[in-house]
Amino acid sequence: MPKKLKVFLCHSSNDKPAVREIYQRLKSETWIDPWLDEEELYPGQDWDLEIEKAVEKTDTVLVFLSNNSVSKEGYIQRELRMILRMADYKPEGTIFTLPLRLDNCSLPHRLSMNHYVDLFPEDRKDWAYERLLGGLRIRAERLDIDVSEKVASSKRQEASEQEKKVQERSEKERIEKRARELALEIAREEREERAQMKLAEEVKVRELAKEIARKARKADLTGFENLSGLSPEANPAGIEWIKIPAGEFTMGSNDSDREKPPHKVHLDEYFMAKTPVTNAQFEKFIEARGYKNEQYWSVEGWEWLSSINRVLPHYWGDQKYNMFTQPVVGVSWYEAEAFAKWANCHLPSEVEWEKAARGTDGRIYPWGYLKPTIHVANFSRNVEKTTPVGKYSPAGDSPYGCVDMAGNVWEWCTDWFYTYPRGDKKALVDFGERYKVRRGGSWNYGNEYDLRTAYRLGNKPADMSNSIGFRCARSL
């Protein structure tokens, strides 16, 4: 798909009719992708968080000004102030902030140096719109965006190719569906065969498992690189564990207020799951009646579960996300917490997650300092769905061998979204004890900035998405 110029429309709600007209005209341009809150935001989404994410990804911001909007303190102090701060990081001469006057109003001081466009009087509106397009074309050309009619032609060709692939995709999906059905049948048959083992063989297996569990519970686990040898009782999900050695590392960065300040943290030795929890592992929790057993759930989690009568993850039946080797998605923080308790482990703290992802050398990404490519991570829709865990190993592995710590799925952490340093009860604006931290980026989100080991965002504990999963940690 041809790249388009992303344009954010910043405006006061009282100016909505005039702004909507410009939005529709920009929408008709084949090389422009405009963003207007009433078109892009859905009920229940966090307004401020989604606005900030949209501005971070935009190429140009149109600031609509009027006597009414300029006089509104909230408008100037919030959305516009954030935009102007981002504009300061753009190279000199970049057309990033473009003021548009809807009437004869005074420009705010920070915008007074920008050349503006007047969308009044009415008989000059078409001329003014062409001037606006001229500025946007300059910005698009500097970003190597094609503004010619070839874009429209390419769009028509893409639609034709999509239609041509529908039948092929339908047949492929039918075959994949039957293959998954057969895989489930085979898995059930294997479980039945294991259940029919001779009593003598079962006794030997259980005795061996108990011996392995006794060794694992000893205080010194020296020489164990993982705990995959634990008995089924101690490790019911069959998680492969990676040992993270004790020591100090630098957490955070100066790249974002949410990551400041960089600070030293010491951790004792612990274990991190090698991969995010897969559908196959989560299925064991379901089969163990994890959704029916209150002992695995926190008080808040059980109240949430009871209120919606939930028995499976949200995307459990979706063919895009339910392969055994794909990470489980569509799970709330409460479900991840319950799984971890059932599996005799815990959700990682932010500190545990970041050390396992970046090691002690201060690297930017799990694999080092080079920018991400399609060979090391699943991000920014380069695959259009989650991929089997470990697909990008070892090229994308962390220093300790943990896989998929950048891209594929966001991963829940146990912490509330507080500012650094750790333990400080001064909450981030609009976050604090409303959001749980998620780390790592995902298949449908992000760029080189979002995949950094220090990057952090948050969601409400009850939130679910096709891009959020989790992995587990374990103490000695």
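Values in this text are rule-based calculations from the coordinates and carry no lab data. None of these values were measured; they are calculated from a predicted model. Glycine also receives a Cβ, built like all others from the backbone with ideal geometry; neighbour counts cover every protein chain displayed.
By the count of other C-beta atoms within 10 Å, a proxy for reagent exposure, MET272, MET251 are ordered fewest to most as MET251, MET272.
What shape does region 328-402 have by the C-alpha gyration tensor, where a ≥ b ≥ c are the square roots of the eigenvalues, rounded means a/c under 1.5, and otherwise prolate means a/b greater than b/c and oblate the rest?
Details: a/c = 2.35, a/b = 1.31, b/c = 1.80.
Oblate.
Summarised in one figure, the compactness ratio Rg/Rh of region 5-147, Cα atoms and Kirkwood Rh, is 0.93.
I need the shape label for the chain. Rule: rounded when a/c is under 1.5, else prolate if a/b > b/c, else oblate, with a, b, c from the alpha carbon gyration tensor. Display every interim value, and only then the final one.
Details: a/c = 2.36, a/b = 1.80, b/c = 1.31.
Since a/c reaches 1.5 and a/b is larger than b/c, the shape of the chain is classed as prolate.
Cysteines of the chain lacking any other cysteine Cβ under 4.7 Å from their own Cβ: CYS10, CYS105, CYS402, CYS413.
When PHE96, PHE285 are sorted by how many other C-beta atoms sit within 10 angstrom of their C-beta, beginning with the fewest, the order is PHE96, PHE285. Here ARG258, ARG289 are placed in order of increasing Cβ neighbour count within 10 Å, fewest first, which gives ARG289, ARG258. If R0 equals 51 Å, the separation of the Cβ atoms of ALA280 and ASP88 corresponds to a calculated FRET efficiency of about 0.60.
So if R0 is 56 Å, what FRET efficiency would GLU161 and ASN254 give, r being the distance between their Cβ atoms, rounded to the nearest 0.05?
On the way: r = 45 Å, r/R0 = 0.80.
Calculated value: 0.80.
Cα gyration tensor of region 332-476, axes a ≥ b ≥ c as square roots of the eigenvalues: rounded (a/c below 1.5), prolate (a/b > b/c) or oblate? Intermediate results must be reported in sequence, preceding the final value.
Numbers: a/c = 1.42, a/b = 1.35, b/c = 1.05.
Because its axes are fairly even, with a/c under 1.5, region 332-476 counts as rounded.
At a threshold of 8 angstrom on Cα-Cα distance, excluding pairs fewer than six apart, so keeping six or more, what relative contact order does region 236-475 reach in percent?
Values: 550 pairs, mean separation 61.6, N = 240.
Result for region 236-475 is 26 percent.
Remark: relative contact order (the chain) = 12 percent; criterion is Cα-Cα distance under 8 angstrom and separation of 6 or more residues.
For region 1-42 versus region 245-269, the inter-centroid distance based on Cα atoms is 40 Å.
By DSSP, what percent of the beta bridges with both residues in the chain are antiparallel, rounded to the nearest 5? Before the final figure, lay out the partial values.
Numbers: 25 of 42 bridges.
Antiparallel: roughly 60 percent of the beta bridges in the chain.
An ellipsoid equivalent to region 236-475, defined through the eigenvalues of its Cα gyration tensor, has semi-axes of 26, 21, 17 Å when rounded to whole angstrom and sorted largest first.
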